[in-house]
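See below for the structure under consideration.
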Amino acid sequence: MSEDSFTVSDGDLVLLIDINKLKNKYMVRITTSNSNSLKKISGLGVLNLNKLVGKKYGSIFEFGRKKLFILQPDIMDKLDSLQRKAQIITPKDSAVIAINCDIKNGDYIIEGGLGSGAMTIVMANLVKPEGKIITYEKSAANINIGVSNLKKCGLDNIVEIKNKDITKGISEKNINSIVLDIPEPWLVVKHAYMALNPGGHFASYSPTMNQVELTINEIRNHNFLNPYTIETLQREIIVGEGGTRPSFEMLGHTGYITFARKVLDIQ
Ligand SMILES: C[S@@+](CC[C@H](N)C(=O)[O-])C[C@H]1O[C@@H](n2cnc3c(N)ncnc32)[C@H](O)[C@@H]1O
């Protein structure tokens, strides 16, 4: 990796973190053309982006009385920055979906629906630069929020959005994975089977067990291998000398995730 990749340059997406309040994070795209270099950042003020160019990532930037760490945003920072309307799939679940579906560079993935785009962003980050996410979303209002979040994260060029009801059918073929977060995923199983490659992965995220039952029943009507459903629970460990213990708060129930793989025949 060249030295330049550790220096802020025009076009970079940069994360600024308040040294004294680490929860205060600001993500900004560096644009230094004359008309764009002054940027109003909510909670911070008007920043001259030219002053960041050439600074080292990892160093501290003084802005008025504030001191800010300069970092390249990672995927968790990007997810933290999202505007939310629909309930999102959080990283404890999106990470598990990604590994179970073997999502990687070059994959073609169908999603239903986009919502705020959190799951889309995780997948687009993994399939880029050669792959693509095609997301079906029936709400125009949610498309606006999802697109704005994708643009903020610099991943909109990896995603194609279809303003369509996915339960009515999927026109694509030769798809690596199908990932659903909609109220009636069982209505998509037959379309998913037709669209997937042999060996392709089906994943569906649902908040209730009733949805899981209906989905697994429909999966069993098609040639899918080994359908299974899991739940993940995440608890932080608070580390203090001689008093390390689990946090009293935990991210418990969010959704159940059902997986299956397409095969051509079940004996
Ligand atoms: C819970 S949100 C998805 C959140 C998204 N997974 C995320 O992580 O940000 C569900 C979305 O699915 C959309 N939706 C519901 N039923 C749909 C359908 N049949 N076809 C396409 N989109 C649908 C809703 O409009 C909503 O935006």
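Among the numbered criteria (1) outside any loop (DSSP other than H, G, I, E, B); (2) out of contact with any Cys (no Cβ under 8 Å at 6 or more places or on another chain), which one does Lys78 miss?
(2)
If Asn176 satisfies all but one of (1) under 27 Å from Leu82 (Cα atoms); (2) within 13 Å of the ligand (Cβ to nearest atom); (3) surrounded by 15 or more Cβ atoms within 10 Å (Cβ to Cβ), what's the number of the condition it fails?
Every condition holds for Asn176 apart from (2).
Take the conditions assigned to a loop (DSSP other than H, G, I, E, B) and within 12 Å of the ligand (Cβ to nearest atom) and apply them to Pro129. Does it pass?
no
Please find, within region 211-267, the residue that is farthest from Ala98 (Cα to Cα) out of those that are in a loop (DSSP other than H, G, I, E, B) and among the polar types (S, T, N, Q).
Across region 211-267, the extreme among qualifying residues is Thr244.
State the number of residues belonging to region 171-189 that are in a loop (DSSP other than H, G, I, E, B) and either touching a strand residue (DSSP E or B) at 6+ places or on another chain (Cβ under 8 Å) or of a type outside the set (Lys, Arg) (or both).
7
Return yes or no: is Glu130 more than 26 Å from the chain's Cα centre (by Cα), more than 21 Å from Thr258 (Cβ to Cβ) and among the acidic types (Asp, Glu)?
Judged against the criteria, Glu130 is not a match.
Take Gly112 and tell me if it is crowded, with 22+ Cβ neighbours inside 10 Å, free of Cβ contacts under 8 Å to residues at least 60 places away in the same chain, within 14 Å of the ligand (Cβ to nearest atom) and among the small types (Gly, Ala, Ser).
Taking the combined requirement at face value, the residue does not satisfy it.
Suppose the filter is out of contact with any helix residue (DSSP H, G or I) (no Cβ under 8 Å at 6 or more places or on another chain), at pLDDT 95 or above and surrounded by fewer than 20 Cβ atoms within 10 Å (Cβ to Cβ); does Met250 pass it?
Considered against the rule, which asks whether it is out of contact with any helix residue (DSSP H, G or I) (no Cβ under 8 Å at 6 or more places or on another chain), at pLDDT 95 or above and surrounded by fewer than 20 Cβ atoms within 10 Å (Cβ to Cβ), Met250 comes out as no.
Which one of these does Val263 not meet: (1) over 22 Å from Pro91 (Cα atoms); (2) within 14 Å of the ligand (Cβ to nearest atom)?
(2)
So which of Ala203, Ala192 ends up being closer than 20 Å to Gly115 by Cα and in a helix (DSSP H, G or I)?
Ala192
Within region 191-210, take every residue that is more than 16 Å from Ile175 (Cβ to Cβ) and in contact with a Gly (Cβ under 9 Å, 6 or more places away or on another chain) and give me the one that is surrounded by the most Cβ atoms within 10 Å (Cβ to Cβ).
Ser206
Evaluate the following for Asp102: is it touching a residue at least 12 places away in the same chain (Cβ under 8 Å) and over 26 Å from Met250 (Cβ atoms)?
Yes: the conditions hold for Asp102.
The values are calculated or read from the model by the stated rules, or taken from the named source; none is laboratory data. Just so it is clear, the structure is predicted and the values come from calculations on it, not from any experiment. A quick note on method: Cβ atoms are made from the backbone with ideal geometry, for glycine too, and the neighbour counts reach across all protein chains shown.
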